[in-house]
Amino acid sequence: MNTNRRKLLSGDIVANAVKDSFVKLNPVTMMKNPVMFVVEVGTLIVLLMTILPGYFGTEDSIGFNLTVFVILLFTVLFANFAEALAEGRGKAQADSLKRSKQEITAIKVVNGGLKEVPSTELRKGDIVVVAQGEMIPGDGEVIEGLASVDESAITGESAPVIKEAGGDFSSVTGGTRVVSDKIKVRITSDPGESFIDRMIALVEGAKRQKTPNEIALNTLLSSLTLIFLIVVVTLAPIAKFLEIELQIPVLISLLVCLIPTTIGGLLSAIGIAGMDRVTQFNVLAMSGKAVEAAGDINTMILDKTGTITFGNRMASEFIPVGSDNARILGEWAAISSMKDETPEGRSVLELMKKQGLTYNEGLAAGGEFIEFKAETRMSGIDLTDGRKVRKGAVDAVKKWVEASGGAVPRDLDVKSNAIASEGGTPLAVAVDNQIFGLIYLKDTVKPGMKERFEQLRRMGIKTIMCTGDNPLTAATIAREAGVDDFIAESKPEDKIAVIRREQAEGKLVAMTGDGTNDAPALAQADVGLAMNSGTIAAKEAANMVDLDSDPSKIIEVVAIGKQLLMTRGALTTFSIANDVAKYFAIIPAMFTLAIPQMEALNLMRLGSPMSAILSALIFNAIIIPLLIPLAMRGVAYKPMSSTKLLQRNILIYGLGGIVVPFVGIKLIDLIVHVWI
Ligand SMILES: Nc1ncnc2c1ncn2[C@@H]1O[C@H](COP(=O)(O)OP(=O)(O)OP(=O)(O)O)[C@@H](O)[C@H]1O
Ligand SMILES: [K+]
Ligand SMILES: [Mg+2]
């Protein structure tokens, strides 16, 4: 996908969009857009009056009618072109994904033996073996082994990632390639339902459904259209009664100028382009609704480690407590970490090496490894001689030691608080009922976080940092990063509680996560962004997946969502304001055609009634392609509160929407008037 990311518009996409503009003329598809459908019907009526003038008694105005027909046809084509262009990039991406999704031969485990089968025959629950150099035949979970996998087909990231059985890095995606070693994979999706299939459907827009916001706006636009339709239709008998002759093409021109064709023509392009901007950013949104929800977010829940900080929490120092020394402390710290595969655990062994410390590996032989869990906040090993070794969050280790009758060294709190108040994470190391000291885990706040949170605050978004770390470390990092609020010593279930609490206050909540224990919270949040490196459960619960697995991207996703909503609002304002201005051009012209004295109403001093009508109509048509770049790129966006934004936009797009057509129509009239 990355290869396509920078290529905004290619010649192919434009050529295809031109072709699609005609295909989309099909009235059945057109009917989904009532505003433009009305224009299309008007176009057909004017066409009939042009080619069958004898039948309609319109011989005198064939030239005028033909011109109106051509302008109306282009109005519809321009709107179709906008939509086709917005769809084009997604289609191009889908094509390149489809190419990467060739049929693969899978090595399936059948009755203990191995059998070659086409990947299309794999079903949920099947077990396959994938060796070095082979393509993984379907989405699944590694159940045996460890391998490095090249996921560039999906993420565009060429560095291979490690996939291994158990834990948070066990999910693999069909279509990616094993570059070293061999793994056994349990398939987790049926044909046609894989991640790549879902990605293709998404970027292709095949499953694009209108969002609630779009439906509401569409209803408003349709109602406006209906009202103007009634007004224009009733105008005919009134005019007749007043003995004013109003020709049907003129009435149709009036109608097309009055109904909100600008936004009607650009609405779906704005939505598709918004989704597309998210995709270009390597985030897959499962629905347009999710992207729009991102634009309305009030509260953002963020992890500390890896989101706000770099997350490579490294052991940097052994700090003994009581009467112990760093050598003994280091030894127990190392033994507790021998099988701890977390970055924290590995860093303890690295620190040992760096400090030239040694330990008796044999001590751990045959021991039972205790894996780190967010619930216990400890990890370690139970030795065969009965001794239990633990390292973990200070309060957790304190409780564990006290439970077996041990005492807490007096200098423990002072020393751990010193680490915490520097923003570091202290891990206490204990054997049975004795605490030996602390491991100082260092982590740094990512640069620029303060500015980003400041921006979020200006948008009126509250940020809450959730961390399993102790309150002092949490407070230090929270202050340094500038988040509004934090929750320390939080367990996975605390996240869902925070989300529910905020939602009960009527707020929309966004969060990121990657673990299986994040899945319920990801599902509960209005915007849940899962990391592609995360578990299948997390990815299925979330409504967005970040292919680059960068949790801080949620901030940009919110900005894109806001921009989408703003673009739609701005162009709606512009479109409706525009129509007001066209009123002043076309109504006086229409009546002047019948009653020359009405010329006094010609405030814009347009050349002739005919040229006034045509100029308004031409302006109405060309404003659509002129605004396509804005619809696709989105309006410029500055973080500020919604009320301020609204005021600013009404000023720019409302006032601008009234002024621009006056100038535009006048200029077009100067040309058209000479011409006819
Ligand atoms: N490998 C480990 N062994 C023992 N204890 C650990 C280990 N990793 C972390 N801890 C302790 O457990 C606590 C909770 O860890 P957890 O991963 O749940 O949250 P966190 O990483 O601190 O915060 P966040 O939610 O921001 O990722 C940590 O603050 C630390 O004190
Ligand atoms: K219009
Ligand atoms: Mg963590």
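Could the peptides 177-183, 289-295 be put in order, highest first, of the mean number of other beta-carbon atoms found within 10 Å of their residues? The partial results should precede the final answer.
On the way: 177-183: 17.4, 289-295: 24.6.
Most protected by this proxy first, the peptides run 289-295, 177-183.
For E331, E141, what's the fewest-to-most ordering of other Cβ within 10 Å of each Cβ? Each step should come with its number before you reach the end.
Values: E331 21, E141 18.
Starting with the residue having the fewest Cβ neighbours, the order is E141, E331.
FRET efficiency for the T105 to T29 pair, using the beta carbon distance and R₀ = 25 Å, is estimated at 0.05. Spatially, segment 113-155 and segment 336-400 are offset by 33 Å when compared through their Cα centroids.
Contact order for segment 146-262, expressed relative to its length and based on alpha carbon pairs under 8 Å spaced 6+ residues apart, stands at 18 percent. Legend: ranking of residues M30, M640, M544 from fewest to most surrounding C-beta atoms inside 10 Å; resulting order M640, M30, M544. Segment 606-676 and segment 195-257 have Cα centres spaced 19 Å apart.
Nothing charged except the Cβ atoms of Lys and Arg (+1) and of Asp and Glu (-1): what's the magnitude of the dipole of segment 114-232 about its Cα centre? Round to the nearest 20 debye.
Working: 12 positive and 18 negative charges, 80 e Å.
Value, rounded to 20: 380 debye.
Full extension of the chain between D12 and L146 gives 44.0 nm of extra length, using 0.36 nm per residue less the Cα-Cα distance.
So for the chain, averaging the separation of alpha carbon pairs under 8 Å that are six or more residues apart and normalising by length, what relative contact order in percent results? The partial results should precede the final answer.
On the way: 1294 pairs, mean separation 93.2, N = 676.
Taking the mean separation of contacting Cα pairs over the length of the chain, I get 14 percent.
For the listed residue pairs K450/K495; K373/K398; K304/K450, the alpha carbons are within 25 angstrom of each other in every case. Choose one of A510, S611, G561: the residue whose Cα lies farthest towards the positive end of the charge dipole of segment 498-653 (beta-carbon charges +1 Lys, Arg; -1 Asp, Glu; about the Cα centre). Value computed over the given set: S611.
Expressed as a rounded percentage, what relative contact order does segment 469-530 have, with Cα pairs under 8 Å and six or more residues apart? Present the calculation step by step, with values, prior to reporting the outcome.
Working: 59 pairs, mean separation 16.0, N = 62.
That works out to 26 percent.
Under 19 Å of direct C-alpha separation, and excluding same-chain neighbours fewer than eight residues apart, K562 reaches these aspartates and glutamates: E214, D276, E292, D296, E451, E454, D526, D546. By the helix-only formula, in which each DSSP H run with n ≥ 4 contributes -39500 (n - 2.57) and the sum is divided by residues, the chain has a 222 nm mean residue ellipticity of -16500 deg cm²/dmol. Going 7 Å from the Cα of K182 toward and past its Cβ, which residues in segment 103-129 have a backbone nitrogen under 20 Å from where you end up? The answer is 105-119, 126-129. Identify, among A478, G468, L456, the residue whose Cα sits farthest towards the positive end of the charge dipole of segment 439-489, taking +1 on the Cβ of Lys and Arg and -1 on the Cβ of Asp and Glu, with the dipole about the Cα centre. It is L456, whose Cα lies furthest towards the positive end. In order along segment 576-593, phi translates into HN-Hα couplings of 5, 5, 3, 5, 4, 5, 5, 3, 5, 7, 8, 4, x, 4, 4, 6, 5, 4 Hz, rounded to whole numbers, per the Karplus curve 6.51 cos²θ - 1.76 cosθ + 1.60 with θ = phi - 60° and x for Gly and Pro. Taken one residue at a time, the phi angles of segment 41-47 give Karplus couplings (6.51, -1.76, 1.60, θ = phi - 60°) of 4, x, 4, 5, 4, 5, 4 Hz. Gly and Pro are set to x. Taking other Cβ atoms within 10 Å as a rough exposure proxy, S253, S148 sort from fewest to most as S148, S253.
With 0.36 nm allotted per residue and the present C-alpha distance subtracted, the Y55-S316 stretch has 84.8 nm of extension available.
Computed from backbone phi with θ = phi - 60° and the Karplus coefficients 6.51, -1.76 and 1.60, the 3J(HN,Hα) list for segment 342-347 is 5, x, 4, x, 4, 5 Hz; x is used for glycine and proline.
If the segment from K507 to E116 were pulled out straight at 0.36 nm per residue, it would be longer than the present Cα-Cα gap by 135.5 nm. Put simply, the convex hull of the Cα atoms in segment 501-590 casts, on average, a shadow of 8.7 nm².
Treating the angle as unsigned and between 0 and 90°, give the value, to the nearest 10°, between the Cα long axis of helix 195-204 and the longest Cα principal axis of the chain. That works out to roughly 20 degrees.
Calculated FRET efficiency, N325 to S287, Cβ-Cβ distance, R0 = 41 Å: about 0.10 to the nearest 0.05.
Relative to the Cα centre, the charge distribution of segment 472-580, modelled as +1 at Lys and Arg Cβ and -1 at Asp and Glu Cβ, gives a dipole magnitude of about 220 debye. When the Cα positions of N218, A153, V250 are compared along the charge dipole of the chain, V250 comes out farthest toward the positive end, with charges on each C-beta of Lys, Arg, Asp and Glu.
Cβ-Cβ distance of A636 and R346, R₀ of 45 Å, FRET efficiency by 1/(1 + (r/R0)^6): the value works out to about 0.50.
Let me know the charge dipole size of the chain about its Cα centre in debye, to the nearest 20, where only the beta-carbon of Lys, Arg (+1) and Asp, Glu (-1) is charged.
Values: 68 positive and 75 negative charges, 222 e Å.
Using only the charged Cβ atoms, the result is roughly 1060 debye.
Sorted on the mean count of surrounding Cβ atoms within 10 Å across their residues, most packed first, peptides 409-415, 31-37, 433-439 read 433-439, 31-37, 409-415.
Among 624-636, 444-456, how do they line up by average Cβ neighbours within 10 Å per residue, starting with the highest?
Working: 624-636: 18.5, 444-456: 15.5.
Answer by packing, highest mean first, reads 624-636, 444-456.
Modelled label positions at F22 and V663, each set 7 Å beyond Cα in the direction of Cβ, lie 3.6 nm from each other. Compared with the dominant Cα axis of the chain, that is its longest principal axis, helix 449-458 is turned about 40°.
A short reminder: the numbers here are calculations on the coordinates, not readings from a lab. A quick note: this is a predicted structure, and the numbers were derived from the prediction, not measured. Every residue, glycine among them, receives a Cβ derived from its backbone with ideal geometry; neighbour counts consider all protein chains shown.
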